[in-house]
2 protein chains.
Amino acid sequence: MSAYGRALHALADETRRSVFERLRTGPRPVGELAKDLPVSRPAVSQHLRVLREAKLVRERREGNRRLYSIDPEGLLTLREYLDGYWGEVLAAFKSAAEREAKGYGDDERE
Amino acid sequence: MSAYGRALHALADETRRSVFERLRTGPRPVGELAKDLPVSRPAVSQHLRVLREAKLVRERREGNRRLYSIDPEGLLTLREYLDGYWGEVLAAFKSAAEREAKGYGDDERE
DNA sequence: ATAGACGGTAAGTGATAACTTACTGTAAGT
DNA sequence: ACTTACAGTAAGTTATCACTTACCGTCTAT
């Protein structure tokens, strides 16, 4: 699966977004993250793994605990994916808006 | 569910992204979209509904066919969501990177 | 060394969601 | 009017995925 695919899938889940958003203010250990969430600690661990594989989150051992923090790489990947669309969409949207009445593409018959 | 939640969920699916990407070059009818996809036409219809509810896609009737095109609103929503993070993340990441060695937050003991 | 905290992993369960085929509706063509 | 093309909807199936409890490893402290 693509990098942005993993990131999109990771952030598609509500609970996972909650975990992710609790990292906005800075690094947190797992127990801290699970404390005020409606799911169990193992569930949070599993979500963190998905987020980590999507490069949205980093883990760092500190003694007994593991501090999770936001990894900018995943966000950057997502941003680039969207920006890639943005230019094309604006162009295609503009130029195709009035042309869509007839043929529906640039590379199609008519 | 939030607007960006719907958009993230819609784009999390591989097949749905394929449909979405086929609209990059301009509007297409459903049959045209389904033609070179590994799933049935009704499946594509169902995906289009999800994309439409996420405001990622628009539908426009033209005679017998329905032309689908990209709706910039969903992309914009997503962009704003990410940008909301972006500023915070860069700031928090920078300032918290070296501080994470001790207390793990801004509002915590230690 | 034993105990207690922290947290990842395994295995199983239930709900969701992506697919299929069958059906319905509508617009255009003959 | 009848047929054909286009596409949304219904119903049912299967696979995925988020969750649970139970278990295991590791680090710190006593």
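The values are calculated or read from the model by the stated rules, or taken from the named source; none is laboratory data. Since the model is a prediction, treat every value here as computed from it, not as a measurement. Heads up, the Cβs are rebuilt from the backbone with ideal geometry, glycines too, and the neighbour counts pull from every protein chain shown. Quick note on the areas: whole protein, heavy atoms, side chains included, nothing else; ligands and nucleic acids left out. Shrake-Rupley method; radii C 1.70, N 1.55, O 1.52, S 1.80 Å.
Considering segment B:56-74, and only residues there that are more than 11 Å from residue B:26 (Cα to Cα) and in contact (Cβ under 8 Å) with a residue 40 or more places away in the chain, the residue that is farthest from DNA strand D (Cβ to nearest atom) turns out to be B:74. Of the helices (runs of 4 or more DSSP H) lying entirely inside segment A:1-79, the ones with 2 or more residues being open to solvent by 20 Å² or more (accessible area, probe 1.4 Å) and of a type in the set (D, E, K, R) are found at A:14-21, A:30-35, A:41-53.
For segment A:23-41, taking the residues that are at pLDDT 95 or above, more than 10 Å from chain B (Cβ to nearest Cβ) and more than 11 Å from DNA strand D (Cβ to nearest atom), the one that is nearest to residue A:53 (Cα to Cα) is identified as A:33.
Applying the selection to segment A:42-55, what residues are near DNA strand D (Cβ under 7 Å from one of its atoms) and free of Cβ contacts under 8 Å to residues at least 40 places away in the same chain?
Within segment A:42-55, A:42, A:43, A:46, A:47 meet the criteria.
Remark: residue B:14 falls outside the filter, which requires a residue to be modelled with pLDDT under 95 and of a type in the set (Asp, Glu).
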